[in-house]
Amino acid sequence: MKEWEVSAKASATAKIVNMFNRPGQLEKIDQIKQRFTRKKGSVEALLKSAMQQQLEGVRTGITQLHSCLEESKGMNAEIKKTFSLFTEVSLLFESLGEVRDENMRHSQYVTARENLKHIFTVPESVERTKQWINEGKLLHTHQCLRDLENSRDDLLFELHKLPNQSPHDKSLLKAYFSEVEVLSKLLEKQLLFVLSRALNTVRKNPAELVTVLRIIKREEKADEMALKQEKQTGFLAPGRPKKWKQMAFNILEKSVESRIEGTQVEERQDDKHWLIRYLELIRQLIVEDLRVVKTLCLPCFPPEYKIVDRYVIMYHKSLSSHLQEIIQNGLEGTEYVTMLILLFKTYHSEEMLGHPDLVEYTKNLGPLLPPAMQDRIISNYLKDIEKNYVEWMQNALKSEKEEWRSSNAPDIDSYTRTAAPIIIFQMINQNLEVSKTISEEITMKVLILSVDQVIKFRDSFREAIIDFKNKYFEDRKQVPYFTQYMIIIVNHCLQFVELGNHLEKQYSSSLFAGQIGENFNRLRGTFLQLRNETGNFLLEELFIDLDQHFDKLFSSQWLTSLDSLETIYATLEDYFQDYNKLTENNYNFIVDQAKSTVARKYLTAMLSKRTTFKTFEECTKAASKIVKEVDRLTNLFSNLFRSPDEKEEDEFEAIIMLSEVLRSDDDMMSFELHRVAEKYPDISEDHLLRLLNLRGDLSRSNAKDKVTHVDRPKVSHRSSIFKSLVFPKAVINLNF
């Protein structure tokens, strides 16, 4: 308080000092004093009002506390009085024992009197109920059965309430009403019969189905009441709960299973198209049944049953289970296709569960089979295709091999359109057309498998070709038409490439084009490589015949004789008469290979040191002959080419340049050698020495010196014809 008082005085002093600092304020001191007095009075009035309100609140609170204390004392007294009365309850309970027993007997008498009618007429009611069951009067049957069950249950409940229950009385009562259980079973059996034929019944007599469902719904409520009574009293009526609703769903599910399984009337041994027929019948059955459920059953069943959704699930599960059983027993051949078409195309299409009348109930339905089972079918389908490919390709190859060794000349048409590639790609197209009816993803898997099988076929095809070639060269009389059939084989290889390109174009616009591009590249590379190899096999026969004539080139008689080149020229023309049956690409390839080989063999003969031109005049004459022979060969190959030769390097030009070295004098020889080395950086010193050794007018030491001083490019990534020239012994290692 003292601190507040000091603070208040200090604040008042500061205000007064500030107020009287200005001139003229002292003259208004009376007015200021009156203002402060009024303000003080109003503040004191507010404080008094606040204090008055606080005091009134405290007074009211004290009064209420006093009243609460009085009420608490009164309640305490009443509670004590109540507890004192509880001590008398046990005495009252004992004194009312007779009244209680009398009330129990009265209750039993009342129950017995209410059920006298049913008790004395049980045999008659049972017989009448059986008659109604036989007549199909199910509502009357159920009403009578409920009356009998209620009478029995009421009497049993009264026995249950007795403090000293008599098992004998219960057994006696149950035995008396034993026929009620029999009636319940008979009615249940009748209901099951109607439900098992629900789809037929709803078409002919929907009222009967509605009656059955009403009975089931009543029994469902009776089950609920019985369970509620058990929870409250511990008494459960005999035969409860009947669970007829669950029974109804079970029998509907069994009837669906029976319809699914019963539709299969054939086996594989009866008809190879049994699965196609079965799945078509199943498709028609399911669509028809579900449309009946939607249009006729939906109004009959209670809404909470969601009967259309339930039927859709039942058909889905039953069909899935039966198909899995069929798959476990094994599929064969086209059965895989039939099954996959159903799974990936038909099942969710408008032809089946995607039907406009059903789609609202089936749109969220999952796949018919588990993913693992679907993958297994696809895998087995691809394995079956692979097995067929292997078998068909081996048969095609066997037929080709037999034809190669035949004693009959091939037909004109067989040169360009051969059987094996066409048969193989026809098989591929057939499998792809079939897979298109399933799905695009499976089509791509079949396509990749097909291309891989063609690539694998190349290995066995190559082995057969090599065996065919070896047999021929062992004894050329064994195969009379080797050249003709080898031409067909070379065309074979390129035909595989062309058919592969055509197939790739067909599927280049698909979603999986990127995945198949690599496979087709491997196919092209594989068969182009085989084409090159078989082309060399074809030329091998030609050059076996020519080798003896190439051996005569640059011999001692060569300079004065024309026989060797004439024979080579004539042989080439003769063989290329047969080679005309090659397709254009293959023909140009063979011409190019033959040209390269002729040039290589000519150079080999030239550098093999079979003769020496002793004088400069002989060297000049030999060079002129070389130029004439090369010009003639060049003209021959130019005429043989069906399209212009687009090769950057002409192998015959190398021969011409070497001939220039032969005819050059000593002053120009180094220059010509430099030209050769610059044009063909991979020509070796051995090659140059061999060339100079043809000149008898040049000593060995001088030749070696000229070769040593030839400027050669330091780095060269280009290879020429000289790269392929290999001699058994290098001249450079000879002693000069």
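The values are calculated or read from the model by the stated rules, or taken from the named source; none is laboratory data. What you see is a predicted model, and the numbers here were worked out from it, not measured in a lab. Here the Cβ positions follow ideal geometry from the backbone for every residue, glycine too, while neighbour counts run over all protein chains shown.
Table: residues versus (1) more than 22 Å from the chain's Cα centre (by Cα); (2) buried (at least 18 other Cβ atoms within 10 Å of the Cβ).
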| site | (1), (2) |
| --- | --- |
| Lys363 | no, no |
| Leu368 | no, yes |
| Ser379 | no, no |
| Ile385 | no, yes |
| Tyr389 | yes, yes |
| Lys401 | yes, no |
| Arg405 | yes, no |
| Pro410 | yes, no |
| Pro421 | yes, yes |
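Among the numbered conditions (1) in contact with a Phe, Trp or Tyr (Cβ under 9 Å, 6 or more places away or on another chain); (2) part of a helix (DSSP H, G or I), tell me where Val479 comes up short.
For Val479, the exception is condition (2).
From Lys217, Lys174, grab the single residue that is part of a helix (DSSP H, G or I), in contact with a helix residue (DSSP H, G or I) (Cβ under 9 Å, 6 or more places away or on another chain) and at pLDDT below 85.
Lys174
Give the residues of the range 218-247 that are closer than 26 Å to Met314 by Cα and surrounded by fewer than 16 Cβ atoms within 10 Å (Cβ to Cβ), sorted by residue number.
Of everything in the range 218-247, those that are closer than 26 Å to Met314 by Cα and surrounded by fewer than 16 Cβ atoms within 10 Å (Cβ to Cβ) turn out to be Arg218, Lys221, Lys243, Gln246.
Of all residues in the range 315-337, count the ones that are crowded, with 20+ Cβ neighbours inside 10 Å and within 23 Å of Glu288 (Cα to Cα).
Matching residues across the range 315-337 total 4.
Restricting the range 109-138 to residues that are modelled with pLDDT of 65 or more and touching a Phe, Trp or Tyr at 6+ places or on another chain (Cβ under 9 Å), which is farthest from Ile215 (Cα to Cα)?
If we take residues in the range 109-138 being modelled with pLDDT of 65 or more and touching a Phe, Trp or Tyr at 6+ places or on another chain (Cβ under 9 Å), then Val122 is farthest from Ile215 (Cα to Cα).
Here is a check on your reading of the model: is Gly535 in contact with a Lys or Arg (Cβ under 7 Å, 6 or more places away or on another chain) and either surrounded by 14 or more Cβ atoms within 10 Å (Cβ to Cβ) or touching a residue at least 60 places away in the same chain (Cβ under 8 Å) (or both)?
Against the criterion (in contact with a Lys or Arg (Cβ under 7 Å, 6 or more places away or on another chain) and either surrounded by 14 or more Cβ atoms within 10 Å (Cβ to Cβ) or touching a residue at least 60 places away in the same chain (Cβ under 8 Å) (or both)), Gly535 does not qualify.
Does any residue of the range 443-457 turn out to be in a helix (DSSP H, G or I), surrounded by fewer than 13 Cβ atoms within 10 Å (Cβ to Cβ) and acidic (Asp, Glu)?
no
Quick grid of which residues meet (1) over 60 Å from the mean Cα position of the chain (by Cα); (2) part of a helix (DSSP H, G or I):
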| residue | (1), (2) |
| --- | --- |
| Thr534 | no, yes |
| Ser556 | yes, no |
| Tyr569 | yes, yes |
| Phe589 | no, yes |
| Lys609 | yes, no |
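What number goes with the only condition from (1) surrounded by 14 or more Cβ atoms within 10 Å (Cβ to Cβ); (2) touching a residue at least 12 places away in the same chain (Cβ under 8 Å); (3) part of a helix (DSSP H, G or I); (4) not β-branched (Val, Ile, Thr) that Glu261 does not pass?
Every listed condition holds for Glu261 apart from (1).
Scan the range 506-515 and tell me whether some residue there is in contact (Cβ under 8 Å) with a residue 12 or more places away in the chain and closer than 23 Å to Thr583 by Cβ.
Taking the range 506-515 and keeping what is in contact (Cβ under 8 Å) with a residue 12 or more places away in the chain, we get 507, 510-512, 515.
In the following step, the residues that additionally are closer than 23 Å to Thr583 by Cβ were identified as none.
No, that holds for no residue.
Only one residue in Ala237, Ala222 is in the same structural domain as His140 (by TED's automatic domain parsing), assigned to a helix (DSSP H, G or I) and among the small types (Gly, Ala, Ser). Which one?
Of the residues listed, the single one that is in the same structural domain as His140 (by TED's automatic domain parsing), assigned to a helix (DSSP H, G or I) and among the small types (Gly, Ala, Ser) is Ala222.
Taking the conditions exactly as written (surrounded by 18 or more Cβ atoms within 10 Å (Cβ to Cβ) and touching a residue at least 24 places away in the same chain (Cβ under 8 Å)), does Phe652 satisfy them or not?
yes
I'm trying to understand the selection: among the residues of the range 446-477, which are at pLDDT below 90 and among the charged types (D, E, K, R)?
The answer is Lys469, Lys471, Glu474, Asp475, Arg476, Lys477.
What residue, of Asp578, Asp545, is touching a Ser or Thr at 6+ places or on another chain (Cβ under 7 Å), in the same structural domain as Ala703 (by TED's automatic domain parsing) and part of a helix (DSSP H, G or I)?
On the way: Asp545 fails: in the same structural domain as Ala703 (by TED's automatic domain parsing).
Result: Asp578 is the single residue among Asp578, Asp545 that is touching a Ser or Thr at 6+ places or on another chain (Cβ under 7 Å), in the same structural domain as Ala703 (by TED's automatic domain parsing) and part of a helix (DSSP H, G or I).
Tell me yes or no: at least one residue of the range 394-414 is in contact with a helix residue (DSSP H, G or I) (Cβ under 8 Å, 6 or more places away or on another chain), assigned by TED's automatic domain parsing to the domain that holds Ile489 and at pLDDT 90 or above.
Yes.
Okay, residues lined up against (1) over 23 Å from Ser719 (Cβ atoms); (2) among the β-branched types (Val, Ile, Thr); (3) in contact (Cβ under 8 Å) with a residue 60 or more places away in the chain; (4) crowded, with 17+ Cβ neighbours inside 10 Å:
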position	(1), (2), (3), (4)
Thr597	no, yes, no, yes
Thr604	no, yes, yes, yes
Glu618	yes, no, yes, yes
Glu660	no, no, no, yes
Met668	yes, no, no, no
Ile683	no, yes, no, yes
Lys704	yes, no, no, yes
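What number of residues within the range 273-311 are over 28 Å from the mean Cα position of the chain (by Cα) and not in a helix (DSSP H, G or I)?
Total satisfying the criteria: 3.
Is it fair to say Asp711 is exposed (fewer than 14 other Cβ atoms within 10 Å of the Cβ) and in contact with a His (Cβ under 9 Å, 6 or more places away or on another chain)?
So Asp711 fits the description; yes.
Taking Pro356 as the residue in question, decide whether it is free of Cβ contacts under 8 Å to residues at least 60 places away in the same chain and assigned to a loop (DSSP other than H, G, I, E, B).
Values: free of Cβ contacts under 8 Å to residues at least 60 places away in the same chain: yes; assigned to a loop (DSSP other than H, G, I, E, B): yes.
Considered against the rule, which asks whether it is free of Cβ contacts under 8 Å to residues at least 60 places away in the same chain and assigned to a loop (DSSP other than H, G, I, E, B), Pro356 comes out as yes.
Return only the number of the condition from (1) closer than 17 Å to Lys306 by Cα; (2) not in a helix (DSSP H, G or I) that Asn250 does not satisfy.
Tallying (1) closer than 17 Å to Lys306 by Cα; (2) not in a helix (DSSP H, G or I), Asn250 fails exactly one: (2).
Is there a residue in the range 623-645 that is out of contact with any helix residue (DSSP H, G or I) (no Cβ under 7 Å at 6 or more places or on another chain), within 24 Å of Val726 (Cβ to Cβ) and either of a type in the set (A, V, I, L, M, F, W, C) or touching a residue at least 12 places away in the same chain (Cβ under 8 Å) (or both)?
Scanning the range 623-645 turns up no residue that is out of contact with any helix residue (DSSP H, G or I) (no Cβ under 7 Å at 6 or more places or on another chain), within 24 Å of Val726 (Cβ to Cβ) and either of a type in the set (A, V, I, L, M, F, W, C) or touching a residue at least 12 places away in the same chain (Cβ under 8 Å) (or both).
Quick grid of which residues meet (1) hydroxyl-bearing (Ser, Thr, Tyr); (2) in a helix (DSSP H, G or I); (3) modelled with pLDDT under 80; (4) out of contact with any Asp or Glu (no Cβ under 7 Å at 6 or more places or on another chain):
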residue	(1), (2), (3), (4)
Glu618	no, yes, no, yes
Ala622	no, yes, no, yes
Ile655	no, yes, no, yes
His674	no, yes, no, no
Leu691	no, yes, no, yes
Lys704	no, yes, no, yes
Lys714	no, no, yes, yes
